[in-house]
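A short write-up of the structure that comes next.
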Amino acid sequence: MRIYKVGGAVRDRLLGKPVTDIDWVVVGATTEEMLAKGFRPVGADFPVFLHPKSGEEYALARTERKSGRGYGGFTFHASPEVTLEEDLIRRDLTINAMAEDDQQNLTDPYHGQRDLDARLLRHVSPAFAEDPLRVLRVARFAARYAELGFTVAPETLELMRELTESGELEALTAERSWKEISRALMEDQPQVFIQVLRDCDALKVLMPEVDALFGIPQPEAHHPEIDTGVHTLSVLEQAARHQQPLTVRWACLLHDLGKGLTPEEEWPRHIAHEHRGLKLIKAVNERFKAPKDCQELALLVGQYHTHGHRALELKPSTLLELLQSFDVYRRPQRFEEFIAACEMDARGRKGLEQRSYPQADYLRGAANAARSVAVQPLLEKGFKGPALGEAIKRERLKALKAYKGAASA
Ligand code: ATP
Ligand code: MG
């Protein structure tokens, strides 16, 4: 049996990038031989094994053929006769279809090295079109390697467009899609992921609510970039630049969806877009079964981001309602993430990327003021049940009035 390093590990070594996980391909072996060497099988009908010590993935060289719709619709053929070249041709991109032996000799039948040098993401063969997930994967790699100057080869983009038009994207499960989306959002340039999906018309299928924002104007005074789609990409870019967590990035992507529903005669203003957007945010959340913390933050940011921007002008009672909505007393972290998303929204505007955002500290101070209200003295005064709740609220309101007074003094 011969063993080669494949995929990302080879690609990233050639790019001079740190290699985190290594995938291996095994040529000339049977399942029985692998088991005899102590490898543990990953799944029942998948010729992939885990190394007994390192835990890294070793896959038997295999060919694949599409036999139906969706991810289940593949038949694998793994046998000792399958060659390295036959295994490599089923892979998505040429830069992912190189193998390396233990002497670092490169096997590169599809010219991955050439495409690495040319900074091109190019499909290996027409079989690319057999798995719609590859549309998302290519967009994700485009986001990851954008800073190195990589772009999607025009013929690959065309194939991605054909795949999209064929309706195959709809066969993707929420789980597979979310895995790619969440990884892509955590890349250094997540806005490129969205842009590439848009370039091949996949955004319209996957997230029509986001796609709809392109071409919708906003008031130039607050939004020198004018276009709502462009703004959304900038907010995402800022979120990555400021190393925000996935929750914040997801909320940034969805915060303005309501602007897609503004009646045209109201443009470029978007009164009540915060509220209008909620059902759209909910739909996207559910479509991809986003984790609960992502879903929650996206909805809260959608509903309250304008409150965040207007923090310094809010009446104490409105501030209190905001803090209550976030349950800042028990969920301080979530409120921090809300503040971060608002700040990214404020900076994701043309020419305003470096602006200061005093609202952030102001909101933190308000949360602290409300939190500083002690419950014990109220209990000692005999408050209980709903009356206790009311008393706490009154005290918090008092604290916020004092806070606002001190801040504006
Ligand atoms: P990463 O750094 O994100 O792990 P990777 O290239 O190693 O990148 P993996 O998802 O770990 O990506 O997959 C390993 C290899 O398997 C890829 O390099 C590619 O050759 C192949 N591969 C994975 N998923 C697909 C797919 N859906 N279609 C075609 N080839 C794939
Ligand atoms: Mg990998």
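The values are calculated or read from the model by the stated rules, or taken from the named source; none is laboratory data. Only a predicted model underlies this, so the values are computations on that prediction, with no experimental measurement involved. All Cβ positions, glycine included, derive from the backbone under ideal geometry; neighbour counts span all protein chains shown.
Condition (residue is over 16 Å from CYS200 (Cβ atoms), assigned to a loop (DSSP other than H, G, I, E, B) and either at pLDDT below 95 or basic (Lys, Arg) (or both)) applied to the range 136-149: is it met by at least one residue? No, the range 136-149 contains no residue that is over 16 Å from CYS200 (Cβ atoms), assigned to a loop (DSSP other than H, G, I, E, B) and either at pLDDT below 95 or basic (Lys, Arg) (or both). Go through ASP92, ASP115 for me and flag whichever is surrounded by 15 or more Cβ atoms within 10 Å (Cβ to Cβ), charged (D, E, K, R), within 30 Å of the chain's Cα centre (by Cα) and more than 11 Å from ligand 1 (Cβ to nearest atom). Among ASP92, ASP115, only ASP115 is surrounded by 15 or more Cβ atoms within 10 Å (Cβ to Cβ), charged (D, E, K, R), within 30 Å of the chain's Cα centre (by Cα) and more than 11 Å from ligand 1 (Cβ to nearest atom). Pairs needed: first member in the range 7-19, more than 16 Å from PRO109 (Cα to Cα) and of a type in the set (A, V, I, L, M); second member anywhere, near ligand 1 (Cβ under 9 Å from one of its atoms) and assigned to a helix (DSSP H, G or I); C-beta distance under 7 Å; at least 6 residues apart or different chains. Note: pairs meeting the criteria are VAL19/ALA9; VAL19/ASP12. None of MET1, MET98 is touching an Asp or Glu at 6+ places or on another chain (Cβ under 9 Å) and surrounded by fewer than 17 Cβ atoms within 10 Å (Cβ to Cβ) except MET1. Among the helices (runs of 4 or more DSSP H) confined to the range 251-364, the ones with at least 2 residues that are more than 21 Å from the chain's Cα centre (by Cα) and surrounded by 14 or more Cβ atoms within 10 Å (Cβ to Cβ) are located at 273-276, 292-309, 316-326. Taking helices (runs of 4 or more DSSP H) as the structural unit, those lying wholly within the range 175-240 and holding at least 2 residues that are closer than 15 Å to ALA139 by Cα and of a type in the set (A, V, I, L, M, F, W, C) correspond to 190-199, 202-206.
Considering only the range 65-75, I want to know if a residue exists there that is buried (at least 18 other Cβ atoms within 10 Å of the Cβ), touching a residue at least 40 places away in the same chain (Cβ under 8 Å), closer than 27 Å to TYR145 by Cβ and aromatic (Phe, Trp, Tyr). No, the range 65-75 has no match at all. Within the range 22-30, at least one residue is crowded, with 18+ Cβ neighbours inside 10 Å, among the small types (Gly, Ala, Ser) and either farther than 30 Å from ALA171 by Cβ or under 28 Å from the mean Cα position of the chain (by Cα) (or both).
In the range 1-79, counting only strands (runs of 3 or more DSSP E) that sit wholly within it, the ones holding 2 or more residues that are touching a strand residue (DSSP E or B) at 6+ places or on another chain (Cβ under 9 Å) and within 16 Å of ligand 2 (Cβ to nearest atom) span 2-6, 23-27, 46-50, 57-60.
Taking the range 137-156 as the range and being more than 12 Å from ligand 1 (Cβ to nearest atom) and within 25 Å of LYS17 (Cα to Cα) as the test, the residues that pass are ALA139, ALA142, ALA146, GLU147, LEU148, GLY149, PHE150, THR151, VAL152, ALA153, THR156. Only a single item in (1) away from ligand 1 (no atom under 12 Å from the Cβ); (2) more than 30 Å from the chain's Cα centre (by Cα) is not met by ARG62, and it is number (1).
Out of all the residues in the range 367-386, is one or more acidic (Asp, Glu) and either touching a Leu at 6+ places or on another chain (Cβ under 6 Å) or under 15 Å from PRO316 (Cα atoms) (or both)? It would help to see each step written out before you state the result.
Kept after step one, since they are acidic (Asp, Glu), are these residues of the range 367-386: 380.
Narrowing further to those that are either touching a Leu at 6+ places or on another chain (Cβ under 6 Å) or under 15 Å from PRO316 (Cα atoms) (or both): none.
No, the range 367-386 has no match at all.
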